[in-house]
Amino acid sequence: MANKIAVEKAKSSKIEDVDFDNLSFGSVYSDHMLVCDYKDGEWKSPKVVPYQPITLDPSAKIFHYGQSIFEGMKAYKDENGKVWLFRPLENFKRLNKSAQRLAIPEIPESYFMDGLNTLIQLESDWIPQNPGSSLYIRPFVFASGNGFHASPADEYKFIIACAPSGAYFSGKVKVLIEETYSRAANGGVGYAKAGGNYAGQFYPTQLAAEKGYQQVIWTDDNTHEFIEEAGAMNVFVRINDTLMTAPTSDRILDGITRKSILDIAKDEGIETEVRKISVHELVEAAENGSLKEMFGAGTAAVVSPISGFGYHGKDYDLPDLEESYASLLKQRITDIQYNRAEDKFGWRHQVI
Ligand code: PLP
Ligand code: COI
């Protein structure tokens, strides 16, 4: 039986102030959040409280040593008002994988799952129903314990906050293949959803933005010869009719969208390959016309087609396909997420 989560309701709702027809991504927040504190060697009971600021001591270790991890998920409302999550247990497991790598105490499964269900039930009015919109859910954990000593904190906070959101990208994405900077290294924290992984991307991404690119495609830190993933997405490449993506490693986030897209593609009879993809091969395929499409995949980005890539001072444009794998696979995954199609993989989780 699910644990009962204590709920303290907000005195009033902010929902009337929200323009649900013009939602950007992740910039307005719902009325409540889940909060759970780690103290005295254990996670205390989680509770749902009104969304509110947090007070921290300036010596809190999050500020100094960056012990911070997060997840990204979405709640979807179907046309009958039923509410769904997509593979939530995968996010729970990945949060604890990240926790282990950052020396953060792991969260009990029932605290995550029951807390999430209670929060989303309470916030169901905040789930937008406009096409392409959903309630973005951000579970995160950080070191709230104090001290300048460079060692793990003795106190942490686990919070889940929600933001009704529209699309992450407004159109096709132009990417730059990175030749100088690296996102992650062997033996590092690249596979974890650690806040610092994103901070480290901002400067190279700013440099790319100045040249007109929205995302960087990271390459392996050793040779910069093989593509890995983008800032907030795993990357897929279609050469002729084969769909390929890089294998996960300790440098790459094991994306839930990525593995779902691979399963759906196989189910569609599309030939898939999980293997190293060299920049050389990509450039050659772009030049001889066999590079048909590229797209990113992630919870926030869903399936985002790539319009072209820059490499070594040159731009390579991708064709505009009428029947792309990106649109087929996006349709199939969102039909499952929004309960518009049969869920043969058993990925949907009903909240209400
Ligand atoms: N890679 C990175 C660096 C990301 O931030 C994300 C987003 O979560 C992904 C890949 C895609 O992962 P998922 O599909 O689980 O959201
Ligand atoms: C997500 O897709 O949920 C992510 O975490 C991407 C994020 C960096 C916006």
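The values are calculated or read from the model by the stated rules, or taken from the named source; none is laboratory data. Given the structure is predicted, the values throughout are model-derived calculations rather than measurements. Note: ideal-geometry Cβ built from the backbone for every residue, glycine included; neighbour counts use all protein chains shown. In case anyone asks, the SASA skips ligands and DNA or RNA and just uses the protein heavy atoms, side chains included. Shrake-Rupley method; radii C 1.70, N 1.55, O 1.52, S 1.80 Å.
Worth a mention:
- Boolean, L321 is open to solvent by 30 Å² or more (accessible area, probe 1.4 Å) and under 15 Å from K172 (Cα atoms): yes
- Screening the range 244-352 for strands (runs of 3 or more DSSP E) wholly inside it with 3 or more residues that are aliphatic (A, V, I, L, M) returns the ranges 291-298, 302-311.
- Filter result for K9 (modelled with pLDDT under 95 and either out of contact with any Leu (no Cβ under 8 Å at 6 or more places or on another chain) or part of a loop (DSSP other than H, G, I, E, B) (or both)): no
- The residues on offer are I177, I159, I137, I127, and the sole one that is open to solvent by less than 10 Å² (accessible area, probe 1.4 Å) and farther than 30 Å from W218 by Cβ is I127.
- Filter result for the condition that a residue is within 15 Å of ligand 1 (Cβ to nearest atom) and surrounded by fewer than 23 Cβ atoms within 10 Å (Cβ to Cβ), over G81, G72: G72
- Filtered residues of the range 80-100 (kept if in a loop (DSSP other than H, G, I, E, B) and more than 13 Å from ligand 2 (Cβ to nearest atom)): N80, G81, K82
- Selection status of S45, among the polar types (S, T, N, Q), touching a Cys at 6+ places or on another chain (Cβ under 9 Å), part of a loop (DSSP other than H, G, I, E, B) and away from ligand 1 (no atom under 16 Å from the Cβ): yes
- Only one of the numbered conditions (1) assigned to a loop (DSSP other than H, G, I, E, B); (2) aromatic (F, W, Y); (3) open to solvent by 60 Å² or more (accessible area, probe 1.4 Å) is violated by F63, and that is (1).
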